[in-house]
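Working notes, beginning with the structure itself.
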Amino acid sequence: MTEEPCQCSDCQRFYREHDRLIREFPTLKQQQELNWASIQSFRTLCGKVTEELQNKMACLDDKGDEYYEERNIYTKAELEDSISELENINAYLYSIEALMERIFGIKVSDKIETEFKEIAGVIAPDPLNIDRLILNRLFHQTPDFPDKKN
């Protein structure tokens, strides 16, 4: 009995991105670097947006809530909530960074890197690979996934 991969837009986007990342970064070292860069760029962007929102908050304190409400901009509560959430994200990203430092320190031989490349060539282009079907099924059926409705 063959199963078709999920065709919802979230899963399709996941399949494409998953395969692209394996094809373009098929070694352990490349995956380490990719994940490190991804975390750093996420931290940088969240940090800059947090900083910008804090500046807006300072301006809001100077001009008052009514000034911004009249212009349909941010309210103080919106800014406070957003800043708090972004600070939480940054805290989580620091934790991930600490774990990634451990992963980044691991090196493997050229023979093992070759194995990574060979396996990447096998699994990335195959949308019906059994390991990926299992992963997709788990991904799609996760009850706590925020976009899923029971």
Selection from region 76-135 of residues that are of a type in the set (Gly, Ala, Ser), assigned to a helix (DSSP H, G or I) and exposed (fewer than 15 other Cβ atoms within 10 Å of the Cβ):
Ala77, Ser84, Ala91, Ser95, Ala98, Gly121
Of (1) aromatic (Phe, Trp, Tyr); (2) within 16 Å of the chain's Cα centre (by Cα); (3) within 15 Å of Lys117 (Cα to Cα), Phe42 satisfies all except one. Which?
(3)
Can you name the condition, by its number, that Cys6 falls short on among (1) at pLDDT 85 or above; (2) surrounded by 13 or more Cβ atoms within 10 Å (Cβ to Cβ); (3) in contact with a His (Cβ under 9 Å, 6 or more places away or on another chain)?
(1)
Sole exception among (1) under 22 Å from Leu135 (Cα atoms); (2) at pLDDT 85 or above for Asn88, by number:
(1)
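Return yes when Asp81 is modelled with pLDDT of 80 or more, more than 29 Å from Arg137 (Cβ to Cβ) and among the acidic types (Asp, Glu) and no when it is not. Before the answer, list the steps.
Numbers: modelled with pLDDT of 80 or more: yes; more than 29 Å from Arg137 (Cβ to Cβ): yes; among the acidic types (Asp, Glu): yes.
Answer is yes for this residue.
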In region 74-126, anything in contact (Cβ under 8 Å) with a residue 24 or more places away in the chain and in contact with an Asp or Glu (Cβ under 9 Å, 6 or more places away or on another chain) is listed as Phe104, Val108, Ile123, Ala124, Pro125
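The values are calculated or read from the model by the stated rules, or taken from the named source; none is laboratory data. Computed from a prediction, not measured in an experiment: that's the story for all the values here. Cβ atoms come from the backbone with ideal geometry, glycine included; neighbour counts cover every protein chain shown.
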